[in-house]
Amino acid sequence: MSSATDKNAAPPLPDPLRVPVADSHTHLDMQSGTVEEGLAKAASVGVTTVVQVGCDVRGSQWAADTAAAHDNVHAAVALHPNEAPRIVHGDPDGWSRQGAREPLGDAGLDAALAEIDRLAALPHVKAVGETGLDYFRTGEGGKEAQDRSFRAHIEIAKRHGKALVIHDRDAHADVLRVLKEEGAPERTVFHCYSGDAEMAEICARAGYFMSFAGNVTFKNAQDLRDAVAVAPLELLLVETDAPFLTPAPYRGRPNAPYLIPVTVRAMAAVRGIDEDALATALGANTARAFGY
Ligand SMILES: [Zn+2]
Ligand SMILES: [Zn+2]
């Protein structure tokens, strides 16, 4: 099979954006190639800034180090909503990247949260996240640890004056409720926004940013496109969540920040606005959301 038709091959470079934007959520540490290669490829099509997101203590330290080493990389640090229950209850099947793990209990979670708190104070760390609730991967038994971790991350973000990056999978109502109960930080971003138009109106009233990923291009994602259409322009962000959620027509192939233009164009088409006008808004919104 030639690499051009290989389903695992990197999609081709899209036409460059004329107005630069940021990938508001990516995982460079899970992508192939070096950080420098990934950033250069992204910059060549107008994706000049990325937010690198950590999902555990080690990944968060890596995000902070990578942001310190590159002017155009900003870091977000957290225990992913699926990581918190694994720390408390263990991970005998080794689903997480670290392989099988022993349960560390509530004390283990507190120790990991203390590390996130330490990293959140660093100047290159612009956000606390991704945190939130994931009822898709975490079952009933992990809910308590997940809820406790989410609330702790909200407190850390507020205390350090950093943005909060929310991961919400099949948990819209509870995520919104916990944010209300704890009091959301001034800048809150719903990463890989997965709600419908009605929820977008709730987020808009609360001033939450909504960051759309490549799945907005999927055929079955009309709810997401409806949300793009009704969200206020000044609250829209774009992201890859790479290596996941590669936009159509490259679905299933490896994603990376250089594919942001594909999603930007799809969003511009939904809103019926010029690609440059949308890119201008996205660039300004991301800088405002993360405070860089
Ligand atoms: Zn996520
Ligand atoms: Zn992510």
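The values are calculated or read from the model by the stated rules, or taken from the named source; none is laboratory data. The shown structure was predicted, so the numbers you read here are calculated from the model rather than taken from an experiment. Glycine also receives a Cβ, built like all others from the backbone with ideal geometry; neighbour counts cover every protein chain displayed. Accessible surface is based on the protein model in full, side chains and every heavy atom, while ligands, DNA and RNA are left aside. Shrake-Rupley method; radii C 1.70, N 1.55, O 1.52, S 1.80 Å.
Relative protection proxy for 140-150, 79-89, from highest mean packing down: 79-89, 140-150 (other beta-carbon atoms within 10 angstrom).
How much length is gained on full extension from Ala206 to Asp15, taking 0.36 nm per residue of separation minus their Cα-Cα distance? Write down the numbers at each step before the final one.
On the way: separation 191, 0.36 × 191 = 68.76 nm, distance 3.53 nm.
65.2 nm is the gain from fully extending Ala206 to Asp15.
Rounded to the nearest Hz, the phi-derived 3J(HN,Hα) couplings of the stretch 115-128 under the Karplus curve 6.51 cos²θ - 1.76 cosθ + 1.60 (θ = phi - 60°) are 5, 5, 4, 4, 5, 5, 7, 5, x, 7, 8, 9, 8, 10, where x marks glycine and proline.
The HN-Hα couplings worked out from phi for the stretch 34-45 by the Karplus form 6.51 cos²θ - 1.76 cosθ + 1.60 (θ = phi - 60°) are 7, 4, 4, 5, x, 5, 5, 5, 5, 4, 5, 10 Hz, whole numbers, x standing for Gly and Pro. Computed log10 I(q)/I(0) for the stretch 152-292 at 0.09, 0.13, 0.18 Å⁻¹: -0.25, -0.53, -1.03, from the Debye equation with unit scatterers placed on every C-alpha and solvent omitted. Here the convex hull built on the C-alpha positions of the stretch 28-290 has a volume of 119 cubic angstrom per residue. If one computes the Cα centroid of the stretch 250-264 and of the stretch 8-23, what distance in Å separates the two points? Cα centroid of the stretch 250-264 versus Cα centroid of the stretch 8-23: 7 Å apart.
When both bridge partners sit in the stretch 28-290, DSSP labels roughly 5% of those beta bridges antiparallel. Assuming charge only on the beta carbon of Lys and Arg (+1) and of Asp and Glu (-1), the dipole of the stretch 240-284 about its Cα centre is about 220 debye to the nearest 20.
For the chain, carbon and sulfur atoms together expose 53% of the accessible surface, with a 1.4 angstrom probe and every protein chain in place. The residues of the stretch 28-290 expose, per residue, 40 Å² of accessible area to a 1.4 Å probe. Amide H to amide H distances under 5 Å link Asp134 with Arg169, where only residues 5 or more positions off or on other chains count and H is placed in the peptide plane.
For Lys162, the lysines whose Cα comes closer than 20 Å to its Cα, not counting residues fewer than 8 places off in the same chain, are Lys126, Lys180.
Ranked by the mean number of other Cβ atoms within 10 Å of their residues, highest first, the peptides 247-254, 121-128 come out as 121-128, 247-254. Computed from label points 7 Å out along Cα-Cβ, the spacing between Ala277 and Asp6 is 4.2 nm. A simple rule links phi to the HN-Hα coupling: the Karplus curve 6.51 cos²θ - 1.76 cosθ + 1.60 with θ = phi - 60°, which for the stretch 259-266 gives 8, 3, x, 4, 6, 4, 5, 5 Hz, with x for Gly and Pro.
A simple spin-label model places the labels of Glu181 and Glu115 2.7 nm from each other, with each point 7 Å out along Cα-to-Cβ. Bridging of Lys7 to lysines at a Cα separation below 27 Å is possible for Lys41, Lys219, once same-chain residues fewer than 8 apart are set aside.
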